[in-house]
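The values are calculated or read from the model by the stated rules, or taken from the named source; none is laboratory data. Fair warning: this is a prediction, and the values are worked out from it, not measured in the lab. As a convention, Cβ positions derive from the backbone with ideal geometry for all residues, glycine included, and neighbour counts pool all protein chains shown.
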Amino acid sequence: MGERQPRVTADEIIRVLKLLGFEKVDQSGSHQKWKHPLTGKQTIVAYHSGEIIRPKTFKRILEGAGLTVDDFITIRKKL
(Lines give C-alpha, C1' and ligand atoms only; values in the text may rest on other atoms or scores of the structure.)
Protein backbone atom coordinates (compact mmCIF):
# COMPACT_ATOMS: atom_id res chain seq x y z
CA MET A 1 0.00 0.00 0.00
CA GLY A 2 1.00 3.57 -0.54
CA GLU A 3 1.43 6.56 1.67
CA ARG A 4 -1.27 8.04 3.86
CA GLN A 5 -3.73 10.33 2.08
CA PRO A 6 -2.26 13.84 1.93
CA ARG A 7 -4.02 16.99 3.12
CA VAL A 8 -4.36 19.17 0.04
CA THR A 9 -6.10 22.32 -1.15
CA ALA A 10 -8.08 22.75 -4.35
CA ASP A 11 -5.17 24.79 -5.77
CA GLU A 12 -2.82 21.80 -5.39
CA ILE A 13 -5.32 19.46 -7.02
CA ILE A 14 -5.83 21.88 -9.91
CA ARG A 15 -2.06 22.18 -10.47
CA VAL A 16 -1.82 18.39 -10.80
CA LEU A 17 -4.85 18.22 -13.11
CA LYS A 18 -3.37 20.92 -15.37
CA LEU A 19 -0.03 19.10 -15.46
CA LEU A 20 -1.88 15.99 -16.65
CA GLY A 21 -3.62 17.94 -19.41
CA PHE A 22 -7.04 18.53 -17.85
CA GLU A 23 -8.85 21.70 -18.86
CA LYS A 24 -11.49 23.65 -16.96
CA VAL A 25 -14.67 23.37 -19.01
CA ASP A 26 -17.36 24.76 -16.71
CA GLN A 27 -18.01 26.31 -13.32
CA SER A 28 -21.14 26.58 -11.23
CA GLY A 29 -20.58 28.59 -8.07
CA SER A 30 -17.56 27.13 -6.32
CA HIS A 31 -17.63 23.86 -8.28
CA GLN A 32 -15.31 23.62 -11.26
CA LYS A 33 -15.62 20.89 -13.90
CA TRP A 34 -12.28 19.66 -15.29
CA LYS A 35 -12.09 17.39 -18.32
CA HIS A 36 -9.24 15.67 -20.14
CA PRO A 37 -9.56 16.27 -23.90
CA LEU A 38 -8.06 12.91 -24.93
CA THR A 39 -9.39 10.46 -22.34
CA GLY A 40 -12.75 12.14 -21.76
CA LYS A 41 -12.35 11.68 -18.00
CA GLN A 42 -13.88 14.47 -15.96
CA THR A 43 -13.98 15.50 -12.33
CA ILE A 44 -15.53 18.22 -10.21
CA VAL A 45 -13.33 20.26 -7.87
CA ALA A 46 -15.00 22.23 -5.07
CA TYR A 47 -12.88 25.39 -5.05
CA HIS A 48 -12.56 27.19 -1.73
CA SER A 49 -9.26 29.06 -1.73
CA GLY A 50 -6.86 27.86 0.95
CA GLU A 51 -9.21 25.31 2.52
CA ILE A 52 -8.13 21.69 2.92
CA ILE A 53 -10.23 19.30 0.83
CA ARG A 54 -12.04 16.66 2.89
CA PRO A 55 -10.71 13.09 2.46
CA LYS A 56 -13.86 11.65 0.82
CA THR A 57 -14.10 14.63 -1.52
CA PHE A 58 -10.43 14.23 -2.42
CA LYS A 59 -10.91 10.54 -3.25
CA ARG A 60 -13.94 11.33 -5.44
CA ILE A 61 -11.99 13.98 -7.33
CA LEU A 62 -9.18 11.48 -7.96
CA GLU A 63 -11.62 8.74 -9.02
CA GLY A 64 -13.18 11.06 -11.60
CA ALA A 65 -9.73 11.90 -12.94
CA GLY A 66 -8.72 8.23 -13.03
CA LEU A 67 -5.97 8.66 -10.43
CA THR A 68 -4.98 6.86 -7.25
CA VAL A 69 -3.70 8.61 -4.15
CA ASP A 70 -0.22 7.23 -4.96
CA ASP A 71 -0.44 8.67 -8.50
CA PHE A 72 -1.35 12.06 -7.07
CA ILE A 73 1.49 12.02 -4.54
CA THR A 74 4.02 11.06 -7.22
CA ILE A 75 2.88 13.81 -9.59
CA ARG A 76 2.71 16.41 -6.84
CA LYS A 77 6.35 15.71 -5.91
CA LYS A 78 7.34 16.75 -9.46
CA LEU A 79 5.85 20.23 -9.00
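In table form, for the structure just shown:
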| quantity | calculated |
| --- | --- |
| Meets criteria (small (Gly, Ala, Ser) and closer than 17 Å to residue 6 by Cα) for residue 64 | no |
| Unique match (being among the aliphatic types (A, V, I, L, M) and modelled with pLDDT under 95) among 38, 79 | 79 |
| Output for region 43-55, where each listed residue is buried (at least 16 other Cβ atoms within 10 Å of the Cβ) and either free of Cβ contacts under 8 Å to residues at least 12 places away in the same chain or not hydroxyl-bearing (Ser, Thr, Tyr) (or both) | 44, 45, 46, 53 |
| Residues (more than 18 Å from residue 68 (Cβ to Cβ) and not in a helix (DSSP H, G or I)) located in region 1-12 | 9 |
| First in region 56-79 and free of Cβ contacts under 8 Å to residues at least 24 places away in the same chain, second anywhere and among the small types (Gly, Ala, Ser) and crowded, with 16+ Cβ neighbours inside 10 Å, Cβ under 8 Å, 6 or more apart | 57/46 |
| Some residue of region 31-41 being farther than 21 Å from residue 79 by Cα, among the hydrophobic types (A, V, I, L, M, F, W, C), surrounded by fewer than 17 Cβ atoms within 10 Å (Cβ to Cβ) and out of contact with any strand residue (DSSP E or B) (no Cβ under 7 Å at 6 or more places or on another chain) | yes |
